[in-house]
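The values are calculated or read from the model by the stated rules, or taken from the named source; none is laboratory data. Just so we're clear, the structure is a prediction, and the values are computed from it rather than from any experiment. We place every Cβ from the backbone using ideal geometry, glycine too, and count neighbours over all the protein chains shown.
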Amino acid sequence: MPLAIPAGLPSPLAPIAVVPADLPAPVRQPRFYIGLVAAPDLTTVKFVDVERPKLNIGVVLEYRLTNRLRVSTGLLRANKQYVARREDYDWGAYPKAATRNFTWVDGACTVLDVPLNLRYDAVVRPQARLFGSVGLSSFFMQRERYMYDYTEYNTPYVWDRTYVNENQHLFSVLNLSFGYEHRLGTHWSLQAEPYLKVPLAGVGVGKVQLTSGGVFFGAKYGF
């Protein structure tokens, strides 16, 4: 005899409705970013001497290409102070260099640095990213001041010269950096980025090989 199924129990083949749990909405990633950065910058010519760090400040713009790739540019006001040896300086602009025994050159320059960089986010977390960046910078020399120590006919002299808006160097510096970005919310983030700027050509009146490095600290807003 067939067994009777007690009333109130579901049939084994009856469909069972499943109500999905509420899933968190995906966090929207901004496409454009604008930020303010500042850095202590150390500058040297062929690592002969390193002066005290100078302050660099500026504005940066980023565009997110993919979840891991971004392209960035900006405008940085950089202060470069350095010491160069005679052999590290191009004396072509000084006809009297042949008769003057130059020894050292002290340089202090104000530069507009326009970078063009590509960033790759190697580690991506909801609130943090580790990244590396590579690119090129163009230098626009706003003000150059040089003090030349030399002797002529066994008499020591100091020659002081200033140049304003006389030299521009397009894509003359290689930018290398890595960094950490921490998100504060949907739009704001903080960032620390150690960097190195390697010369690809000489800059300034003396065409010196300026190498510089430091750490950019900044805040960004994405929209």
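Checking residue 207 against (1) closer than 17 Å to residue 79 by Cα; (2) within 14 Å of the chain's Cα centre (by Cα), only one condition comes out false. Which one?
Condition not satisfied by residue 207: (2).
For residues in region 43-98 being loosely packed, with under 14 Cβ neighbours inside 10 Å and basic (Lys, Arg), which is farthest from residue 174 (Cα to Cα)?
96
When the residues of region 117-138 are filtered to those that are in contact (Cβ under 8 Å) with a residue 40 or more places away in the chain and of a type in the set (D, E, K, R), which remaining residue is farthest from residue 69 (Cα to Cα)?
If we take residues in region 117-138 being in contact (Cβ under 8 Å) with a residue 40 or more places away in the chain and of a type in the set (D, E, K, R), then 129 is farthest from residue 69 (Cα to Cα).
Scan region 206-217 and tell me whether some residue there is under 26 Å from residue 31 (Cβ atoms) and out of contact with any Asp or Glu (no Cβ under 6 Å at 6 or more places or on another chain).
So far as region 206-217 goes, yes, one or more of its residues are under 26 Å from residue 31 (Cβ atoms) and out of contact with any Asp or Glu (no Cβ under 6 Å at 6 or more places or on another chain).
State which residue is modelled with the highest pLDDT when the search covers only region 106-126 and only residues that are farther than 19 Å from residue 168 by Cβ, of a type outside the set (A, V, I, L, M, F, W, C) and surrounded by fewer than 17 Cβ atoms within 10 Å (Cβ to Cβ).
Filtering first and then ranking leaves 120.
If you go through region 99-138 one residue at a time, how many are under 26 Å from residue 89 (Cβ atoms) and touching an Asp or Glu at 6+ places or on another chain (Cβ under 6 Å)?
5
What are the pairs, 6+ residues apart or on separate chains, where a residue within region 78-103 that is under 18 Å from residue 157 (Cβ atoms) has its Cβ under 6 Å from a residue that is small (Gly, Ala, Ser) and assigned to a helix (DSSP H, G or I)?
91/97
Starting from residues that are in a strand (DSSP E or B) and charged (D, E, K, R), keep the ones in region 58-71 and report whichever is farthest from residue 202 (Cα to Cα).
Step by step, filter region 58-71, then rank; the result is 64.
Among the strands (runs of 3 or more DSSP E) lying completely within region 142-223, list those that include at least 3 residues that are hydroxyl-bearing (Ser, Thr, Tyr) and surrounded by fewer than 19 Cβ atoms within 10 Å (Cβ to Cβ). Before the answer, list the steps.
Details: elements: 155-183, 188-199, 210-222.
Filter on region 142-223 gives 155-183.
Please indicate, with yes or no, whether at least one residue in region 72-86 is in a strand (DSSP E or B), within 14 Å of the chain's Cα centre (by Cα) and β-branched (Val, Ile, Thr).
The answer is yes; a qualifying residue exists.
Going through 139, 131 one at a time, which residue ends up being over 18 Å from residue 193 (Cα atoms), at pLDDT 95 or above and surrounded by 15 or more Cβ atoms within 10 Å (Cβ to Cβ)?
139 is the lone residue from the list that is over 18 Å from residue 193 (Cα atoms), at pLDDT 95 or above and surrounded by 15 or more Cβ atoms within 10 Å (Cβ to Cβ).
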